[in-house]
Structure formats: structure tokens, C-alpha cells
Amino acid sequence: MSEAAKQRPFQAEVSQVLRLVVNSLYSNKEIFLRELVSNASDALDKLRFESLSHPELLKEGTEFRIRISADPDKKTLTISDNGMGMTEEELEKNLGTIAHSGTREFLDKLQAAKDQASGMQLIGQFGVGFYSAFLVANKVEVVSRAAGSEQAFLWTSEAKESYTIEPAEREEHGTDVILHVADEHAEFLQGYRLRDLVTRYSDYIGHAIEMPTRETEDPKKEPEFERVNRANALWQRNPKEIDAEVYDEFYKHLGHDWEAPVAHRHFKVEGTQMFAGLLFLPKRPPFDMFDRSSKHGVRLYVKRVFIMDNCEDLIPPYLRFLKGVIDSEDLPLNVSREMLQDNRVVRTIKKQVVNNALTMIEELCSEKPEEFKTFWESFGAVLKEGLHYAQDDAEKQRIAKLVRFESTAGSEMTSLEQYVGRMKEGQKAIYYATGTSRALLESSPHLESLRKRDFEVLLLTDPVDPFAVAGLNEFDGKNLVSAMESNLELDETEDEETKQAREEQGKAVQPLVDRFKSVLDDKVGEVRASSRLTDSPVCLVIPEGGVAPHIEEMLRAHNPNMPRTKRILEVNPNHPVIERLKKDNDADGGSERVSEWISLLYDQALIAEGSPVEDPAGFARRLGHLMQQAATT
Ligand code: ADP
């Protein structure tokens, strides 16, 4: 180490990730090569793209390549590329810190992981990339020179708490990752072992991977390099000639995942817009799924040239869990993010991409129901956003067929098609209730009248559900109706007699309703008699266009000034408590007891829907008072 090389501490998370990764992956060491080759390939892609607008970055005749060579005497293995390289600052940022949302959560979970398999799974979801070098090396050196700069730097670490960076020399731009392989992993210094790994893991890489020929493997000879992979873009090949494992390995490279995908779809579109696409459905969500800026998504290529990672203009946000490649023949090579927005070509491509993505999910649903279930658990919450944001109605209806909800029909999730198949005679709509938990919804007073008719109710407990169903409106010609809304009409017609009886009853209970209004004052928007309830005395319903209370709470967390929706208190005139209260009110309109009961009933309605009571001390006092009365009479 020279004078100039100062010890620099790793960000605390890096040391921890390093330690845990090395401990969890001891039986999967060989993946380090795939990770480092992937990084090299990405660096070549980046430079090829940058050179489109900055041709001065590339010397005439530069051929992009990745080279892998071992020196058994020095016990070093070097993975070298002539790609973008890194500046001193980039070395520090990329190899000394982890810029990954969810790192803390990942570490906590990994520490708690019971066995190696679950640890692996977590690491797969997180992606450790470069740090996997320490699976086989006890010291790693990175010599890198950024394209456009004359100065190279050497980064060194022995995987302890720190690393160093010092000036170095390198003939051209690019990066050498030099692994000082630990004695017990000497197998990774042998040519045949390395070749085997490259063909198994990295055959699909679009750049040439070169190794010294067998004759020049000996480090004492001048190496002659030969290409060991096929090096043509996988998505341009004929799907019939590609084995499933090759797709899996390609996905792992692309998605920075260690687990194979659950499905893939490889397609070519001819016609006015020509492009090839390869889409994958990951098995598990990454740690940053809800971080929309996450960088590994669908990549855009133009005529085989990498243009950008995570091209959001090609894939709607509700499909952001997909990974893949789109390679257009028609977009210009110098296309920029700005140009992609609102571009006609892009819109046409996007439509086809969505079409293929939905087909892939539909096939999973019909052909592998168990795997579809797992898919739904992982990504359902995201796909549901599509009910709101689909580009047109046909797309929306396709998504509607894929969504699954809990329902009163049983413990299994149900599709809307299955729900419609179970609809009762005379049932006009698809009913749903929204709230924070299944248990709460099942015992909700709002469901009483529906249950009486034996109508099934979808129980929506995911915060995105109210928005999702609001976006759908109807399915198979049936409206989606909230059981919590004020104007819930269940029967088509009411015979004259029932109608008259109801109106009479309404009139009779009106003085009590007025009393409710004056006691509750501005806590509610309205009070009215209702035929919705059978077992409960009261419930709170949402006025038309209003928002469910738990959603309102959530929105208020972001915007404290949001006005509260004043809800409607519905009173069940047939309930014994209300009958008694009516009598008392008729006899003595001003009695304190009636006011107390009304306040208690209001709090009861809040508790029944899972909302907090506004004045817990007052509630406890009134309840105590009531029990005391009951005990002494
Ligand atoms: P990831 O590839 O998932 O971002 P890594 O830990 O593998 O995570 O790498 C961190 C970063 O270091 C990369 O994003 C890249 O910017 C940089 N990097 C790694 N290897 C190379 C390389 N061979 N050439 C240029 N940059 C590299």
C-alpha cells in the first residue's frame, strides 16, 4: 500500500452485508463469477450507449470484450472489461456503500433467517452483486479507469471494515477485478472449471467473453484469447432453439436475482413497428418493489444496442415487477428519456408489451394455478393498480379477470368470475366491503342486510383496494357496489304494503332521529332510519362519493389538512334498544339518559367499523354508568 492510500471505512451496512453473505452462501460460491461478468457486461453496455453521443470516448476500432484469466502461481483470478470504468468517486460510492432502499430490513431479515435456503432466497431478492467476490477471495483489487479520463485508480479490500483507494495505471478505459483466491477455493483458478462456469452461466451475454486458449493458459506464456461464449443477443434467437435453463440464467443476469423466474414470454412483433421482446415474471418481489425508481426493470435496446435500464415508458407502473428486454428496430439510436415520452412509436410498442405481459400472466393463471397463487401474493397489490390505470377498457377487463379478493364465500381467494357464478337470483350487483381486517369486516353491521339475503360480499383489506374497485366500476355487466355506501339498494321492487309500513315507521321514529342529530351535532352529516340493519342498532355509512374512514386516515397522514368526510348514522327502528329509546324520548324529550345512550350508540358504531372512539374517557364513563344502572335495577 502506498502513502497515498488512506484506509476508508465501509458504510456500516456493507460490512454487515459482506459478513452475512459470506456466511449464507458458502455452498453457492460459484455464482460470484456470474455476478462479476454481469457487472462487466453492464459496464460495456453503458459505454456503448454513452459513445453514441460522445464518440470521443472510444478509440477507433475498439472491440468490447470481457476477459477472464487465472494465474495459479499468484493465486489470482482476473475479470477484465474495457467498458465504462469508474472514477475515484464512483469507486468509493459503488464499492464502499450500498445505495439500496430496504438494506436495513434486508439485514434484519437475513439475521433472523432460520436456514440457508431462506437466507439464499433473501439474498436473491436483495442482490449482492460485486460483494460476492469475497465468497472465494480473501482480498479483492479493482483497477479502474473511467472512459474519458487518463487516470486510473486501485481499490483494495480484504473484506474487513475498510478499503483503500490510490492512484494507479491502466492502459485503457475499463475495469479489472482481481481476486486473490483463498487456498481452499483453488479450483476457481483452473481453466476448465472456469470455462464450464462461463458456458453454464454466461452464454447468453451479448458481449464476447474471452479466455486464454488451452495452449496459452500457462501464465508463463503470452496469452492468446479466444471467445468462449456465443455472444449474440438471446432475445434475437429462435425461441425453439433455446433451453429453459438458458432463459433462467439470462433472467438471473438481467434481474439480478438468484432464483429462476416463474414464467417468461419471448416474442417478436413484425409490421409497422418491429421489435423483439423477452419478459420475465420473477418468483418473489424485490425489497424495493414499492420504490418506483428501482433500477432493474425492463431494459430498452435499439438494434441490439443497450439504451437504458428500467424504461418506464414501455411498461405501465402496474406491471413494474416485470423484468425483461425490448429491442426496437425503429427507434433512433440516440433516443433519450425525454424523446420516449409521448412518442407514437413507443406507445405502439407499449401496447404490445402490455398485451404480451398479460398473456403471460393469464397463462400462468390457467396452466399453473398454484404458482399463480404465489404470484398473486407477491405482486397482486401492484397488478391491482391496473384496474385504475389500464390504458383502455379491454385491458382493464383482462386485469379484472386476474384479480383475486377475499370474500364471505370462504377462506380461499376468489376471482370476480367465480363470484358472478355464485350470485343469487335477484342479486343485481357485486358487493364489497373495505376495512383493515377480515375479522372486522365479517362482523361489520353493514353486511347484515346482505347476509340476510345470502349475498356474497368481497372483503377488501388492502389499502389499494378502494381505488382499484373505484377504477373498475363494473364487471361482466354487474356494478361493483360498496356495502358501506349510503344508498345501498338491494331489492329491485318493494311492494306497496312494505313501502307504506316503512314510511310509517320512519315517521314514527323521526323525533328520535332529530334527537340523535342534536346530540351528535357536527360529528355526523346526517342521521336517518334505515332498513339495512337487522342485528345492530346503528351503523355509520359513507355518503355518496365519500371515502372509507381507514383510507381517510391514511390520506390524512400525508395531508393533515384534508377535511373529514361527515358520515351518515343509520338507525335501525326495529332494534329493541332503539324501540326503547324511542319510547323514552317520546315520554321525556330532554332526558339526560337518552343523550347518554345516543353518545354510546355512536361510539359503538365507530368501534364496530374499527375506528377509534373520539373521547375514550367519556365512553368509559357512560358505559360504566349504564352497567351500574343495569346492576342496580
Ligand atoms: P449492482 O450491479 O446490483 O448495482 P454491484 O454491487 O454488483 O451492484 O455493483 C455496484 C456498482 O458498481 C454497479 O452498479 C456499477 O455502477 C459499479 N460496477 C461494478 N462492477 C463494475 C465494472 N466492471 N465496471 C464499471 N462499474 C462497475
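What the table shows:
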quantity: Distance between the range 573-633 and the range 434-469 - C-alpha centres, whole angstrom; calculated: 26 Å
quantity: Mean Cβ count within 10 Å, highest first, over the residues of peptides 338-348, 14-24; calculated: 14-24, 338-348
quantity: Sequence-separation-based contact order of the range 496-632, relative, with Cα cut under 8 Å and 6+ spacing, percent; calculated: 27 percent
quantity: Relative packing of peptides 271-284, 408-421 - highest average C-beta neighbours within 10 Å first; calculated: 271-284, 408-421
quantity: Debye, to nearest 20: dipole size of the range 384-482, +1 on Lys, Arg Cβ, -1 on Asp, Glu Cβ; calculated: 240 debye
quantity: Cleavage-rule hits, trypsin sites (Lys or Arg not before Pro), the range 122-225, DSSP coil, Cβ neighbours within 10 Å at most 15; calculated: 160, 220, 221
quantity: Candidate lysines - alpha carbon under 22 Å from residue 268, same-chain residues fewer than 8 apart omitted; calculated: 240, 252, 303, 323, 350, 351
quantity: Selection from 356, 84, 333 lying farthest towards where the dipole of the chain points positive, charges on Cβ; calculated: 356
quantity: Angle between the chain longest axis and helix 616-632 axis [Cα atoms, degrees, rounded to 10]; calculated: 40 degrees
quantity: The chain - percent relative contact order, Cα under 8 Å, separation 6 or more; calculated: 9 percent
quantity: Electrostatic dipole magnitude of the chain [Cβ: Lys, Arg +1; Asp, Glu -1; Cα centre; debye, to 20]; calculated: 300 debye
quantity: Alpha-carbon centroids, the range 506-557 and the range 6-75: separation in whole Å; calculated: 63 Å
quantity: Over the range 539-628, equivalent-ellipsoid semi-axes from the Cα gyration tensor in Å; calculated: 29, 16, 11
quantity: Coarse-grained scattering of the range 6-226 at q = 0.13, 0.14 Å⁻¹, given as base-10 log I(q)/I(0) from a Debye sum over alpha-carbon atoms; calculated: -0.78, -0.91
quantity: For the range 333-400: accessible area per residue (Å², 1.4 Å); calculated: 50 Å²
quantity: Taking the convex hull of Cα positions in the range 166-315, its mean projected area over all directions (nm²); calculated: 13.4 nm²
quantity: Percent of alpha-carbon pairs separated by more than 38 Å within the chain; calculated: 49 percent
quantity: Heavy-atom accessible surface of the range 384-482: percent carbon and sulfur, 1.4 Å; calculated: 47 percent
quantity: Dipole of the chain, positive direction: furthest Cα of 9, 612, 103, with charges on the beta-carbon; calculated: 612
quantity: Alpha carbon centroid spacing (whole Å) that separates the range 216-266 from the range 301-351; calculated: 23 Å
quantity: Accessible surface of the range 148-215, 1.4 Å probe, proportion on carbon and sulfur as whole %; calculated: 46 percent
quantity: Beta bridges per DSSP with both ends in the chain, % antiparallel, nearest 5; calculated: 75 percent
quantity: Sparse-neighbourhood loop sites, trypsin sites (Lys or Arg not before Pro) in the range 504-562 - DSSP loop, at most 10 other Cβ within 10 angstrom; calculated: none
quantity: The range 235-370, relative contact order [Cα under 8 Å, separation at least 6], %; calculated: 23 percent
quantity: For the range 350-434, average projected area of the Cα convex hull in nm²; calculated: 6.4 nm²
quantity: Cross-link partners of residue 582 among lysines (Cα-Cα below 18 Å; sequence separation of 8 or more within a chain); calculated: 507, 517
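The values are calculated or read from the model by the stated rules, or taken from the named source; none is laboratory data. Keep in mind that what you see is a predicted model, and the values were worked out from it rather than measured. Virtual Cβ from ideal backbone geometry, glycine too; neighbours counted across all protein chains shown. Only protein heavy atoms, including side chains, enter the accessible area calculation; ligands, DNA and RNA are left aside. Shrake-Rupley method; radii C 1.70, N 1.55, O 1.52, S 1.80 Å.
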